[in-house]
Amino acid sequence: MHLKFTQDIESLLSRLTHQPLTLRDILTETSERGFSLVIGLLVLPFLFPMPPGASSILGLGCLVLSVQMALGRRKPWLPRKVANFRFPPSLSLKLLKNLKRVMRVLEKIVRPRWLKVAESPKIWRWNGCCMTWLSVLLILPFPFTNPMPTAAILLLVVATLEEDGLLMCVGYGLTALVTLVFVFIAYALWQSSHLLPISF
């Protein structure tokens, strides 16, 4: 099975390698699907090493779009600075090559199911709330933690686009797990900051 998400992302990345588009262009083309689709496009680079400076714009874009989902909006909007961002062709090509690794796993487990959950307007907003929280965690300056909230966001993005209610529930569980990991990291950093003066 070839997921709609895979087809859309592959098509976009292929175009971006030859004709760089702004995020505004992509949102205009994808309409309501642009929420989840562009959020997925924005977080994909966090799975791999990125050029410096790109992470702040991508993280902000993901946060702005997910907040709009949480508020129940159906027409996406981005600040001018983020909307004018163009994916460097080298980054687009790299993402295109690595995308198949991620999708190869998801295509085996994703399908439309639990449609009463997946198609609920309340679930749309709840998914936005979860992605907003995960985007905040993604932006936090904790080293080596980006793949964790990224994986949870991608799971919710794919589940939303493919109308997979069961996978959404798995995404909620992963969101809770990622939150616990960040709480543990924050607590460990807080404890270490108190121990440093004692040791000196």
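The values are calculated or read from the model by the stated rules, or taken from the named source; none is laboratory data. A quick note: this is a predicted structure, and the numbers were derived from the prediction, not measured. Please note: Cβ atoms are built from the backbone with ideal geometry, for glycine as well, and neighbour counts cover all protein chains shown. Quick note on the areas: whole protein, heavy atoms, side chains included, nothing else; ligands and nucleic acids left out. Shrake-Rupley method; radii C 1.70, N 1.55, O 1.52, S 1.80 Å.
When only Cα pairs below 8 angstrom with a gap of at least 6 residues are kept, region 88-195 shows a relative contact order of 30 percent. The ellipsoid equivalent to the alpha-carbon distribution of the chain has semi-axes of 28, 21, 16 angstrom, derived from the gyration tensor eigenvalues as √(5λ) and listed largest first.
Ordering Ile139, Leu12, Leu95 by the projection of their Cα atoms onto the charge dipole of the chain, which places +1 on the Cβ of Lys and Arg and -1 on the Cβ of Asp and Glu, puts Leu12 at the extreme positive end.
Solvent-accessible surface of the chain, taken per residue with a 1.4 Å probe and all protein chains present: 52 Å².
Under a 5 Å amide H cut-off, with hydrogens placed 1.01 Å from N, Arg113 pairs with Asp164, Gly165, Leu166 among residues at least 5 apart or on other chains.
Among the protein heavy atoms of the chain, carbon and sulfur supply 67% of the accessible surface, probe 1.4 Å, non-protein parts ignored.
Rounded to the nearest Hz, the phi-derived 3J(HN,Hα) couplings of region 116-123 under the Karplus curve 6.51 cos²θ - 1.76 cosθ + 1.60 (θ = phi - 60°) are 4, 6, 5, 9, 6, x, 5, 5, where x marks glycine and proline. Sequence-ordered 3J(HN,Hα) estimates for region 63-75 from the Karplus curve with 6.51, -1.76 and 1.60 and θ = phi - 60° stand at 5, 4, 5, 5, 4, 5, 4, 4, 7, x, 5, 10, 10 Hz, glycine and proline given as x.
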